[in-house]
1. Would you point out the residue of the stretch A:237-258, among those that are assigned to a helix (DSSP H, G or I) and among the hydrophobic types (A, V, I, L, M, F, W, C), that is nearest to the other protein chains (Cβ to nearest Cβ)?
2. Looking only at residues that are of a type outside the set (A, V, I, L, M) and closer than 14 Å to residue B:199 by Cα in the stretch B:149-168, which one is surrounded by the fewest Cβ atoms within 10 Å (Cβ to Cβ)?
3. Which of the residues belonging to the stretch A:89-111 are surrounded by fewer than 24 Cβ atoms within 10 Å (Cβ to Cβ) and in a helix (DSSP H, G or I)?
4. Only residues in the stretch B:112-141 that are free of Cβ contacts under 8 Å to residues at least 60 places away in the same chain count as the first member; pair them with residues that are surrounded by fewer than 24 Cβ atoms within 10 Å (Cβ to Cβ) and in a helix (DSSP H, G or I), Cβ under 7 angstrom, at least 6 apart or cross-chain, and list the lot.
5. Would you please name the residue that is farthest from residue A:324 (Cα to Cα), looking only at residues in the stretch B:40-70 that are more than 7 Å from every other protein chain (Cβ to nearest Cβ) and not in a loop (DSSP other than H, G, I, E, B)?
6. Can you name every one of the helices (runs of 4 or more DSSP H) wholly within the stretch A:125-231 that holds 2 or more residues which are within 19 Å of residue B:288 (Cβ to Cβ) and within 14 Å of chain B (Cβ to nearest Cβ)?
7. If you check A:294, A:269, which single one turns out to be surrounded by fewer than 24 Cβ atoms within 10 Å (Cβ to Cβ) and assigned to a loop (DSSP other than H, G, I, E, B)?
8. State yes or no: is residue A:42 assigned to a loop (DSSP other than H, G, I, E, B) and either under 26 Å from residue B:90 (Cα atoms) or free of Cβ contacts under 8 Å to residues at least 12 places away in the same chain (or both)?
Amino acid sequence: MKLIFERSTQGAGASTQYLPSCDVPEVRLSGKMRSRQLRLPSLPEVEVDRHYSELARNAHGVNDGFYPLGSCTMKYNPAVNEDAAALPGFTKIHPLQDDETKKGCIKLADELKKYLCEITGMDAMTLQPAAGAHGEFTGLLLIKAYHRSKGDLKRTKIIVPDSAHGTNPASASMAGFEVVSIPSDENGCVDLAALKAAVGEDTAGLMLTNPNTVGLFDPNILEITGIVHEAGGLCYYDGANLNAVMGIARPGDMGFDVVHLNLHKTFATPHGGGGPGSGPSGCKEFLRPFLPDTDDPMSIGAVRSFSGNFLVAVKAYAYLISIGAEGVPEAAKGAVLNANYMKTKLADLYPMAYDTVCMHEFVMSLEKMKHEIGVSALDVAKAMLDHGIHPPTMYFPLIVHEALMVEPTETETKETLDEAVQLLRDIHAAAYADPEKMHQLPLHTTVGRLDEVGAARNPVIRYEFEA
Amino acid sequence: MGSYVPNTSRQQEEMLRECGLKGFNDLYRDVPETVLLKDKLALPEGMSEMEVIRHMEDLAGMNTVYRHILRGAGAYNHYIPSIVGEIAGKETFRTAYTPYQAEISQGVLQSIFEYQTDICELTGMDASNASVYDGAVAAAEGCEMCRDRKRSRILVSSAVDPKTVKVVRTYSFGRDVEVTMVPEKDGATDLDALKEMLGPDVSCLLIQHPNYFGILEDMDSAVSLVHEAGAKVVVSCNPISLAVLETPGEYGADIAVGEGQPLGIPLSNGGPYLGFMASTAKMMRRLPGRIVGQTVDCNGKRAYVLTLQAREQHIRREKASSNICSNEALCALRASAYMAAMGPEGLEKAAVQCTSKAHYLLERLEEAGLKRTYEKEFFHEFVTEGPKTDEILKALSGNGILGGLPLGDGKILWCATEMNTKEELDETAAIVKEVLGS
């Protein structure tokens, strides 16, 4: 594919057609002006259009095919939500308009916060964080501000299980905490003895994903939050996996004090190739004064200029009012059932990391295959690329070797699951028939396997124009 | 009721049976009994799609859509060519995840590589990341890039947008970093004061150009003062202004950041927006977030891939340069499509019209009785002072015009762009004159 800069011909741009000529006297600034030429693309609109159509053809969205990418909840993104978010009464609102001129925006945000509080069992919510990791950072600052407000300066450590998403320890670091990693037990859940040994007077809190990253609901959840509270710490709920339990069980009832949600996972807003997301932070009443984006003197301040990725909130709100009170647990149950169904249909060929009823996702370990015939999780994932199915998440969580993490979501039909199961079974057979060939796959994609080491060693991260 | 669960209850029963389970309750057997929700959620009943869209239209209808907007202060009303929305609306771009599987994601990866190139061209810097959440976060992350063991204090100009300052302070609370404000004099950073405040513990200066009051800072002097003291310069800039103003690369900034919203992203009550970040080659490996690099595939064909991942949270965990995972990819794509449509000439035209219209508006407002607060040269925002601020803004609002942002003490921060016609600028001045005359 040509780069858009390679399609450009100077002076052929459509630029002049968009703006009328200036109807006031032209003013040129006398300060220091740019002397370097601005080499943006310059091409007719039809060529711009075709360029991006070509790029879109060489990408894969939920609309293109099944996307069982574990931990990412790639469910269908309903079309009506897009229409709602495109209403001029939302898109043309300046964020600094007076409140009385944007009552609709305020009402929508307030209602969404109320619904999210109800789903999580929290008392207060902010929509300001722009993504999940941003919500984590916000929640951790609430914990920090809380301990500080009590004059408790020695609580400097955040406990994170070794199965956690990388964002958890990274967020804790950004919030100024020291990270204490604790091992998981043989079931992939929190090791109670290790947790008891880790907590103390320096514990600021625990960050936990539940269902956890191996797709299991931690049966000891009440003991876990109890141990942390007993030690004077707070409990942080990473909402990445809320899709499995929304409407069934609430983090607030499990003993969590702070949560973040991912509207772009659980609440059906699209991922946009890596954003925009939205990561609302919720908390129990005693933490409310510390929330960002309020006038409260105890507030941590702001984590972003304005009040959040508003149009993403619009889509999540439209989703919630569509499915309603009964639709929320129905979605969760559908997600959990779809995952268990696929797991059952694959378990004889692909060893499961944890052989028990799973939540909305499950983790397969290809360690045996790797050992027997040298075919890795990466090889199996790459083989799927030739068949229009996005592969599962690879090599996560870190505690499972040769991991493939599968999350089908509730919006897939049984037929789609059956096809994916058949494909994985076919790949398994092909691998044992000709293991060598597996390292060459995929064969039918835009490009073959990439030289990633070379890319990092000699970084070329922008187009270099010919002199 | 809307539902996006396609399997029928009969199919679901069959699937449960195949799993060896009796019912849905078996799926949740690990959830403690006391934690299981007994009651239905206190949410409204579901709605049909027709009801949903009517309800959303009602909510949108409660908001005032202004005919004319003369308010900026961090969010700017620019013309967005129709093609930009068409491109960003392509379903595959909208519904794809972060391009982890490069072989089927070349379109998304290439779009990010092109965006990085656009940002480097605009700022005159060497390296750009794939975006962060917004301009204020970009500023906070930019300051963090400059910190080391010896140098940890951040200086921030008082002429930086107060919303950005608030975010920088919040991020600094996390890292226990001290933030010191450099005073402002006549609407610009007080360079004499800056000189006094620089010291061996200062990591960087955060400065905005054009600044919050629209004024062009003396960047040459600021940069040389800061560099002499061994610290770095993080400049927050308006991307449209970069079509005409000297670039951060040219005046020697170490890091250039900004709010990318003016590049084809609708006002949208504040988001989603786009934080852009660019640095010198030397600081490239300290950039937070995703970066796309060029490479080759097994057949020697040019291809793109997420690179320099050793900086990132999924590899480095607590030692990562930032926790960022999702960014604002679709907004970055929008910005690229906007720049491709407008081209260098179109962007320059927009920039020159912004300046011209703002200067015209100032002249008319001065005639109407408002006084210009700062004499320094400005890009497309300026401050006036005078009596009856509330009455002026109310009268404008009553005529479908969103006036400037009140800053207190009779000051108003105005903004004009290519969207504002001479006619409406005249109309604005006439309304102001009427209020002040009565």
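1. Step one: list which residues in the stretch A:237-258 are assigned to a helix (DSSP H, G or I), which gives A:239-244, A:251-254.
Now drop any that are not among the hydrophobic types (A, V, I, L, M, F, W, C), which leaves A:240, A:242, A:244, A:254.
On the way: A:240: 10, A:242: 13, A:244: 9, A:254: 6 Å.
The residue in question is A:254.
2. By that ranking, first place goes to B:150.
3. Listed by number, the residues that qualify are A:89, A:91, A:99, A:100, A:101, A:103, A:104, A:106, A:107, A:109, A:110, A:111.
4. Partner pairs satisfying both residue conditions: B:117/A:5.
5. Per the stated criteria, the residue is B:68.
6. Hits in the stretch A:125-231: A:132-149, A:167-174.
7. Checking each option against the conditions leaves just A:294.
8. yes
All of the numbers you see were taken from the coordinates with simple rules; none came from a lab. Being a predicted model, the structure only gives us computed values, none of them experimental. Here Cβ is always computed from backbone atoms with ideal geometry, including for glycine, and neighbour counts include all displayed protein chains.
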